[in-house]
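**Q** I am attaching a structure below and will ask some questions about it afterwards.
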Amino acid sequence: MAGRSAIGLDIGTSGVRAAELSFGKQGVTLEKFGQVALPEGAVRDGEVVDVVAVSHALKQLWAHTGFSHKEVVLGVANQRVIVRQVELPALPEKELKASLAFQVQDFLPMPVEQAVLDFHPVEEYGDAGQPRMMRGLLVAAVREMVLSNVNAVQRAGLRVTSVDLTSFAVLRSLGSFGAADSDAVALVDVGSRVTNIVVHRAGVPLFVRILLMGGQDVTDAVADTLGMTRQQAEALKQAPGLSGIDHEQQLNAGRALEATAASFVDEVRSSLDYYASSAPAGGTLKRVVLSGGGSRLHGLAQRLEAATRLPVSVGNPLSSVSIGRTGLSDEQIEFVQPLVAVPVGLALGADR
C-alpha cells in the first residue's frame, strides 16, 4: 500500500462501518472496507447508548477487516447536532476560530460552553468601504454526545484524530456529482434511522439538514404489519415481488411500504422546498443524487422524482477512487457501494 492512509468510521444505528483509503501519486485507493452489525438499541438516532456493545462491535470490525492502523476520523449526525446558515465578520481563519464561540452564542439553542463548534465559509461579500462579511454554515454539536461516541471508540483501543459531520462526508464522496454544474445539486444519503441532506453547488455546501428517518422505519412498518422478522421485511422492502407471500400479505405490505415511504419522501421534499425558498442567487436545484443503504427501497427514486419534479439518480461514492486489494469480490463491492459514502467521505476529509 503506497502513501499514507486514513480510516473513516461511521457508527450507524444498525451497524459500524469503516473504510481505509490510501493517498498516493496515483490518486486515492480504497484499501479496506468492513462492517459489523450492532444489537438493537445500542445506537439510537445516531447517538451511542450502549458503549460496551459498540466498542465490542468495533473490536470485531478491526479484527475481521485487517485495517493497517487504529487512528480514525469519526462521523456524527443526530438530533443533538445543528447546522445553520449564519453571517459573520470576515476574519482570517486563525482569528475566526479563536472568536467563534463569542460570535455565535446567540445562534445556539444550547450554552456555548456545552457545544463543539465548527464553521464552514461559503462566500465573502460586502460593499465598498464597508466591513467584509462571511456567509457560511455553523455546525454545533452537544459536547456530551460527541464525548460519548468518542468514548465508545476509545474503549475499542482506537484513537479518534478528528470528529466530522457525516453530511460533509457525504459531500466529499459524492460531490463530483454536480461539481461542474452552475446550479445546485441535492445529495440525499439514506441511513437506517438518520438521513443526511446536503445541497451543494460545485462542491460548496449551501444547505444541510439531518432527518431522524431512514430505511429502518420502512422495514419496521412492514414487519409490524405482516408480523414477520426485520430480516424478512428488509428483503420484501427491496423486492416486493418475493415468493412465499400470499396476495393479501402482498397488499398489506404494499400499503405499509407506500405509507411509510410517502412520509419519508414528504420530509425530504419539505427540506428541499425550505432550501429553495431561501436559496441564494444561482442556487436553483437541478437534480437529486441518492446514496445510503436506505436508498435500496424499491421505487424510492421514482417517488422522489414525482414529489420534487427533479431528476433523481443513484450516486456511486467509489467513482473517484481506485479499488485496491480489499479482499472483497466485485459482487461484494457492488453490494456495499451504497453504504460507503459516509466512511469514504470521512477518510477523504483526513487528506484536507
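The values are calculated or read from the model by the stated rules, or taken from the named source; none is laboratory data. As the structure is a prediction and not an experimental result, all values here were calculated from the model. Please note: Cβ atoms are built from the backbone with ideal geometry, for glycine as well, and neighbour counts cover all protein chains shown.
**Q** Pick from region 192-203 the residues that are in contact (Cβ under 8 Å) with a residue 60 or more places away in the chain and touching a Leu at 6+ places or on another chain (Cβ under 9 Å): which of them is farthest from Ser173 (Cα to Cα)?
**A** Arg193
**Q** Among the residues of region 328-352, count how many are within 18 Å of Val314 (Cα to Cα) and in contact with a strand residue (DSSP E or B) (Cβ under 8 Å, 6 or more places away or on another chain).
**A** The number of residues fulfilling the criteria is 10.
Conditions (1) modelled with pLDDT of 90 or more; (2) under 18 Å from the mean Cα position of the chain (by Cα); (3) aliphatic (A, V, I, L, M), marked per residue:
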{"position": "Ala256", "(1), (2), (3)": "no, no, yes"}
{"position": "Thr308", "(1), (2), (3)": "yes, no, no"}
{"position": "Glu331", "(1), (2), (3)": "yes, no, no"}
{"position": "Val336", "(1), (2), (3)": "yes, yes, yes"}
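**Q** Further question: Tally up the residues in region 74-100 that are under 23 Å from Asp164 (Cβ atoms), touching a strand residue (DSSP E or B) at 6+ places or on another chain (Cβ under 6 Å) and not in a strand (DSSP E or B), please.
**A** 4
**Q** Would you point out the residue of region 43-63, among those that are small (Gly, Ala, Ser) and modelled with pLDDT of 95 or more, that is nearest to Val340 (Cα to Cα)?
**A** Pass one, region 43-63, residues small (Gly, Ala, Ser): 46, 53, 55, 57, 63.
Right, trim to modelled with pLDDT of 95 or more and you get 53, 55, 57, 63.
Numbers: Ala53: 22, Ser55: 20, Ala57: 18, Ala63: 19 Å.
Step by step, filter region 43-63, then rank; the result is Ala57.
**Q** Here are the criteria: (1) surrounded by fewer than 16 Cβ atoms within 10 Å (Cβ to Cβ); (2) assigned to a loop (DSSP other than H, G, I, E, B); (3) polar (S, T, N, Q). Tell me which single one Gln302 does not satisfy.
**A** (2)
**Q** Among the candidates Val153, Val104, Val116, which residue alone is assigned to a strand (DSSP E or B) and of a type in the set (A, V, I, L, M)?
**A** That would be Val116, the only listed residue that is assigned to a strand (DSSP E or B) and of a type in the set (A, V, I, L, M).
**Q** List pairs: first in region 76-94 and without any contact (Cβ under 8 Å) to a residue 60 or more places away in the chain, second of a type in the set (Lys, Arg) and surrounded by 14 or more Cβ atoms within 10 Å (Cβ to Cβ), Cβ under 8 Å, 6+ apart or cross-chain?
**A** From region 76-94, the pairs are Val86/Arg135; Glu87/Arg135.
**Q** Within region 10-37, track down each residue that is within 19 Å of Gly75 (Cα to Cα) and over 18 Å from the mean Cα position of the chain (by Cα).
**A** Ser22, Leu30, Lys32
**Q** Sticking with this one: So, in region 1-45, how many residues would count as being among the charged types (D, E, K, R), touching a residue at least 12 places away in the same chain (Cβ under 8 Å) and surrounded by fewer than 20 Cβ atoms within 10 Å (Cβ to Cβ)?
**A** Qualifying residue count for the region: 4.
**Q** Looking at region 254-278, which of the residues that are among the small types (Gly, Ala, Ser) and surrounded by fewer than 18 Cβ atoms within 10 Å (Cβ to Cβ) is nearest to Arg230 (Cα to Cα)? Don't jump to the end; show me each part of the working.
**A** Initially, region 254-278 is screened for residues among the small types (Gly, Ala, Ser), giving 254, 256, 259, 261-263, 270-271, 276-278.
If we keep only those that are surrounded by fewer than 18 Cβ atoms within 10 Å (Cβ to Cβ) too, we end up with 254, 259, 262-263, 270, 276-278.
Values: Gly254: 16, Ala259: 18, Ala262: 20, Ser263: 20, Ser270: 28, Ala276: 36, Ser277: 38, Ser278: 40 Å.
Applying the filter and picking the extreme gives Gly254.
**Q** Out of all the residues in region 106-120, is one or more more than 24 Å from the chain's Cα centre (by Cα), farther than 27 Å from Val16 by Cα and surrounded by 11 or more Cβ atoms within 10 Å (Cβ to Cβ)?
**A** Yes, that holds for at least one residue.
**Q** Please pick out the residue among Val139, Val153, Val188 that is crowded, with 24+ Cβ neighbours inside 10 Å and touching a helix residue (DSSP H, G or I) at 6+ places or on another chain (Cβ under 9 Å).
**A** Going through Val139, Val153, Val188 in turn, the sole match is Val188.
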